[in-house]
Every structure is written in structure tokens, then in C-alpha cells.
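The values are calculated or read from the model by the stated rules, or taken from the named source; none is laboratory data. The structure displayed is predicted, hence computed values, not measured ones. Neighbour counts run over all protein chains shown; Cβ positions are idealised from the backbone, glycine included. In case anyone asks, the SASA skips ligands and DNA or RNA and just uses the protein heavy atoms, side chains included. Shrake-Rupley method; radii C 1.70, N 1.55, O 1.52, S 1.80 Å.
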Amino acid sequence: MSEQSALNLLDRINGTISVVGSMNADYTVTTDRLPGPGETVNGGALQILPGGKSGNQAAAAAKIGAHVQMFGAVGSDDNAVFLINNLDNAGVDTSHIRRVLGPSGTTVITVDAHGENTIVYSPGSNAQVSVEYVESMREVLGKSKVLGLCLESPMETVTACAKMCHEMGITVLLNNSPFVPSLPPELVAAADVLLVNEHEMAQMLGIDEPSDGDWNAFDWHMAAEHMQQYGFERAIVTLGAEGSMVLDSTSDEPVKRIQPVKVNAVDTTGSGDAFMGTVLAGLSSGLSLHESASLASYVAAYAAAGYGAQASYGTAAQIRKAFEG
């Protein structure tokens with residue numbers, strides 16, 4: 001798909017999405033290089049930025065034009081107000097977020113000069129996103145076309161939410177992150193589309209990665225067959241700076257390559273969530289999986305060119321301007 005064709009897909013984003021999961025305050029510091037075990041390195045000024053995989057995905061989808069409802073829990077600290085205000089500013093409906101006692105979720109992030117990062121996650125209030133809470137939101141969740149889930153919430157809650165929404169005819173997109181090599185069968189059965197990276201895919205499916213690291217020569221048709229046997233007929237496998245692969249056993253073309261979008265990356269924190277949020281937006285707006293992934297490459301690349309997660313996300317107009325020149 002050409003650049004112009006992919007960017008023109010932004011005009012079609014208008015679907016309704018529910019995202020259930022995590023919101024975190026990201027404590028972020030930049031360094032020349034990431035520290036090794038037991039090592040101390042000098043860093044720049046500490047920044048506190050809005051994050052959390054689910055919150056990021058919701059913000060990314062809303063900023064490009066989707067109608068997004070966020071479900072989850074924040075604590076009783078100052079970070080709770082900070083997180084909700086930032087989602088509000090991104091255009092996300094935050095009216096169904098639960099307030100609980102204790103700290104909100106947090107992450108500690110170190111970013112090096114090449115944009116690579118390390119992340120430590122403390123769940124806080126995200127651990128209190130319960131099955132009971134999700135079930136109490138059944139009616140409002142049912143208004144969405146697509147549901148976005150990741151694994152920063154309790155597994156029983158993610159599974160119950162996926163089952164409930166799948167039974168209502170809502171498309172369920174699961175981001176297996178933080179990565180779990182063996183997903184519960186009930187969750188696999190209820191999820192319609194899987195999003196993982198190449199290393200996670202290999203570990204999930206029990207297949208070998210290419211010894212030379214060349215994923216271009218990898219047998220992706222074999223991977224699609226293994227993915228179907230695992231329980232996912234449709235999946236997107238991200239390849240970092242090398243683009244992504246769409247595996248769709250329901251399509252006449254079960255394997256499609258999405259070419260990378262080259263940018264001067266300064267911080268990849270949240271780029272994967274921008275990709276996920278765009279796929280949610282695309283699927284909810286009637287785009288195909290291939291079209292959604294193609295557009296997601298541009299939205300994620302735009303995010304990698306800025307610092308932070310939600311702080312680096314662009315509107316449809318900003319993304320167009322950045323790539324159209």
C-alpha cells in the first residue's frame with residue numbers, strides 16, 4: 001500500500017471502541033546508554049508522563065478520530081487526576097473509570113540515546129480492575145464495535161471481559177503484553193485478533209527464530225498455520241523497525257507484509273501501543289486487518305519520533321503533515 005493510500009485511511013476513522021485495562025504514570029529518564037546489572041549511569045531530568053498500555057492505546061485511537069471509552073481503575077493519589085485529565089484531553093470518554101484507594105499504576109522507564117528502553121511496571125490500582133467491575137459495565141461495553149485488551153490487568157478479568165464482549169458480537173483484539181507464553185484457552189477462544197511481536201510469536205507457537213535474525217526469509221505461511229492451530233485465525237506480528245506481518249487464515253492472502261515507515265526514532269516507548277490503538281480504530285471503522293496495520297505503521301512511527309507515550313501521539317492532521325511534507 002502506498003504512503004498516500006495509507007494516510008488517506010485516516011479520513012475513514014470514526015468507529016466506536018472500548019479499551020479495558022491499565023493506566024500508569026510513567027517516570028521516565030533518558031541516558032546515553034542503558035545500565036547493566038548493578039551499574040549506575042547518569043541520566044537527564046526525570047519526567048512524569050501519562051502511560052499504561054491500555055490508556056496509551058485508548059489515547060492513540062481517540063487522537064486519530066475514533067470514539068473511545070476507557071475502562072479501568074485509578075488510585076486516590078495525584079497521579080489519578082493527572083492520568084484522567086490527559087485521557088480527557090486526548091478525547092477519550094473517561095466517565096466509566098473506577099476510583100479506588102491506594103496508588104495508581106506506575107512504570108519506571110529508562111530511555112537510551114538510540115530510543116531503546118527498559119520498563120519496570122508496578123500495577124497499583126490496575127490490579128483492582130475486577131471481574132465484577134467489568135460485568136457491571138456490560139451495557140456500555142456493548143455499544144462498541146471493537147474491544148481492546150492487554151495483560152496489565154488481572155488475567156481472570158481480561159478473560160471474563162473477552163468472553164462477555166465476544167458473546168455480544170464485539171470484535172476482541174488482544175495484545176499479549178506483558179507477554180504470557182501460554183494463554184488461557186478460554187481467552188484464546190474469545191479473542192478474534194492477536195497482536196504480538198516476532199519474539200513473542202516464536203515463543204508462543206514453539207517455533208524457532210531465524211538463526212541469522214533475518215525475518216524476511218522466515219516461513220510466514222508456516223507461522224500462519226501454527227497460529228491457526230494455536231487458536232488465532234487472525235494476527236498481526238510486529239517486527240520493530242522492519243514493519244509487521246498480517247497473518248489472516250480467513251483471507252485469500254493469509255500472509256501480507258507491511259513495510260516499515262522510516263523516521264528518526266528518539267523514544268520507542270508507547271509506539272507499540274500507538275500501533276495497537278490504530279488497529280483498534282481501523283477495525284472499528286470498517287478497515288481490513290491489512291489496512292489497519294498499514295495505517296498503524298505511520299501512527300507508530302510518528303510516536304517514535306517524539307518522547308514519552310501519550311505525549312508523543314499525533315492527531316490525524318499532525319500525522320498527515322509529518323509524512324506528506
For residues in segment 126-178 being open to solvent by 60 Å² or more (accessible area, probe 1.4 Å) and assigned to a loop (DSSP other than H, G, I, E, B), which is modelled with the lowest pLDDT? K143
Unique match (being closer than 27 Å to S130 by Cβ and in contact with a Ser or Thr (Cβ under 9 Å, 6 or more places away or on another chain)) among A45, A25: A25
Any pair with Cβ under 7 angstrom, 6 or more apart, that starts in segment 226-237 at a residue that is within 9 Å of V193 (Cβ to Cβ) and among the basic types (K, R) and ends at one that is assigned to a helix (DSSP H, G or I) and open to solvent by less than 40 Å² (accessible area, probe 1.4 Å): R234/L289
Does segment 61-72 include one or more residues that are touching a strand residue (DSSP E or B) at 6+ places or on another chain (Cβ under 6 Å), in a strand (DSSP E or B), open to solvent by 70 Å² or more (accessible area, probe 1.4 Å) and in contact (Cβ under 8 Å) with a residue 12 or more places away in the chain? yes
Within segment 216-225, the residues that are buried (at least 18 other Cβ atoms within 10 Å of the Cβ) and either of a type in the set (F, W, Y) or not in a helix (DSSP H, G or I) (or both) are F218, W220
Please determine, by comparing only the residues of segment 251-274 that are among the charged types (D, E, K, R) and open to solvent by less than 60 Å² (accessible area, probe 1.4 Å), which one is farthest from E3 (Cα to Cα). D267
Residue list for segment 138-169, filter: within 15 Å of S284 (Cβ to Cβ) and under 18 Å from the mean Cα position of the chain (by Cα): S144, K145, V146, L147, G148, L149
Within segment 193-205, track down each residue that is open to solvent by 40 Å² or more (accessible area, probe 1.4 Å) and either farther than 23 Å from T250 by Cβ or touching a Pro at 6+ places or on another chain (Cβ under 9 Å) (or both). H199, Q203
Taking S54 as the residue in question, decide whether it is more than 23 Å from S244 (Cα to Cα) and surrounded by 21 or more Cβ atoms within 10 Å (Cβ to Cβ). no
Would you be able to say whether some residue in segment 231-246 is of a type in the set (V, I, T), open to solvent by 10 Å² or more (accessible area, probe 1.4 Å) and over 17 Å from C150 (Cβ atoms)? no
Please go through segment 1-56 and give me each residue that is of a type in the set (D, E, K, R) and within 18 Å of Y313 (Cα to Cα), ordered by number. D11, D26, K53
If I ask for residues that are in contact with a strand residue (DSSP E or B) (Cβ under 9 Å, 6 or more places away or on another chain) and more than 13 Å from M227 (Cβ to Cβ), which ones from segment 175-191 would you list? N175, S177, P178, F179, L187, A190
Between residues in segment 99-123 that are within 18 Å of G44 (Cβ to Cβ) and residues that are open to solvent by 70 Å² or more (accessible area, probe 1.4 Å) and assigned to a loop (DSSP other than H, G, I, E, B), which pairs lie under 8 Å by C-beta distance while being six or more apart or on different chains? V111/Y307; D112/D32; D112/R33; A113/D32; A113/R33
All positions within segment 1-51 that are of a type in the set (D, E), open to solvent by 60 Å² or more (accessible area, probe 1.4 Å) and not in a helix (DSSP H, G or I): D32, E39
Condition broken by A80, with the remaining ones in (1) over 11 Å from M23 (Cα atoms); (2) assigned to a helix (DSSP H, G or I); (3) in contact (Cβ under 8 Å) with a residue 24 or more places away in the chain satisfied: (1)
